[in-house]
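Everything on this sheet refers to the single structure shown next.
Coordinate-derived values only; no laboratory data. Quick caveat, the model's predicted, so the values are computed rather than measured. Cβ: placed from backbone, ideal geometry, glycine included. Neighbour counts: every protein chain shown.
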Amino acid sequence: MKKTSIALAVVATILLTGCFGNTNSATPANTQITGFKPYETSDFTIQIPEEWEVLTAANFRQDTPPNTVVAFRSNLRNPVFTANLIILKNDLSGEIPSIDYAKALQQKTATELNGYRELTVSDYKLIVSKAETATLYESVEGRNMDSADLKVFEFISAVKGKTAYIVMGSMLTNEQEAVAKKIETAIKSFEVK
C-alpha cells in the first residue's frame with residue numbers, strides 16, 4: 001500500500017478548505033433517508049444532504065489530489081472553512097482486508113495531523129459487494145498546520161479487490177450539530193458495489 005495514498009486522503013480534505021467502541025452497520029443503499037438524496041456511480045452509492053452541492057473533477061481546484069472521485073459541500077458557507085465530504089479512490093498493489101486498511105489509515109492520520117486527538121473509533125460493518133465487511137468508523141480532530149483552525153475529521157474506508165475507498169467528512173470543531181449529523185449520516189450510507 002502506498003503511504004502517499006493514505007496521506008492524500010487527509011490532504012484532500014484539507015485542500016477543500018476554500019471550496020467546499022460499538023459495532024455499527026451501514027444503512028442499506030436502497031433505504032431512502034429523509035432530507036437526503038442518492039449519489040451513485042458504477043463503483044459506489046452514498047446518500048448526501050439534499051441541499052449540499054456536488055463537486056466533480058470539472059469543479060475541483062488544481063491542487064485537488066487526483067484520487068478524489070467526488071466532493072460534497074455544505075450549503076452553509078463559512079468564510080473560514082465550509083463543512084464538506086469527499087470520496088477518494090486508491091489503487092493498491094495487492095489485496096488487503098478493509099479492517100487492516102482502516103487501521104493503517106488511522107495510524108497515518110495520527111502522524112499527518114498536528115494536534116491529533118482521537119475522538120471516537122468504533123468497529124463498523126460496511127456493505128461491499130452486497131456483504132457486510134468489517135472496518136472502522138473514526139472521528140478525530142487536528143490541524144493540517146499549526147496556524148490552521150482545529151477541525152474534526154470523520155471517515156470510513158473499505159477495500160474491494162485492489163481498490164480502496166475512503167469517505168471523509170471535515171468540519172470546524174464548533175460546527176453546528178445538525179451539519180455534523182448530516183456528515184455522519186452520509187458517511188454511514190456509503191456502500192461499495
Note, segment 32-42: 3J(HN,Hα) by Karplus (6.51, -1.76, 1.60, θ = phi - 60°), whole Hz, Gly/Pro = x, goes 7, 9, 4, x, 10, 10, x, 10, 9, 10, 6
With x for Gly and Pro, the residue-by-residue ³J(HN,Hα) of segment 170-177, computed from phi through the Karplus equation 6.51 cos²θ - 1.76 cosθ + 1.60 at θ = phi - 60° and given in whole Hz, is 9, 7, 5, 5, 9, 4, 4, 4
To the nearest 20 debye, segment 72-193 has a Cα-centred charge dipole, built from +1 on Lys and Arg Cβ and -1 on Asp and Glu Cβ, of 420 debye
Net charge near Lys193 (other residues with Cβ under 15 Å of its Cβ; Lys, Arg +1; Asp, Glu -1) is -1
Hull volume per residue for segment 3-192, using the convex hull of the C-alpha atoms, in Å³ is 112 Å³
XL table Lys162/Lys182; Lys130/Lys151; Lys89/Lys181; Lys37/Lys108; Cα-Cα > 28 Å flagged, in table order, is Lys162/Lys182; Lys130/Lys151; Lys37/Lys108
Sorted by chain and then number, the residues having a modelled amide H within less than 5 Å of the amide H of Leu55, at least 5 places away or on another chain, are Ala71, Phe72, Arg73
With the label point 7 Å along the Cα-to-beta-carbon line of Asn78 and a cut-off under 15 Å to each amide N, the hits in segment 169-193 are 169-184
Length gained, Thr163-Ala148, 0.36 nm per residue minus C-alpha separation, equals 2.2 nm
A correct fewest-to-most ranking of Lys151, Lys103, Lys130 by other Cβ atoms within 10 Å would be Lys130, Lys103, Lys151
Note to self: Kirkwood Rh of segment 36-79, Cα pairs, one decimal, Å, is 11.7 Å
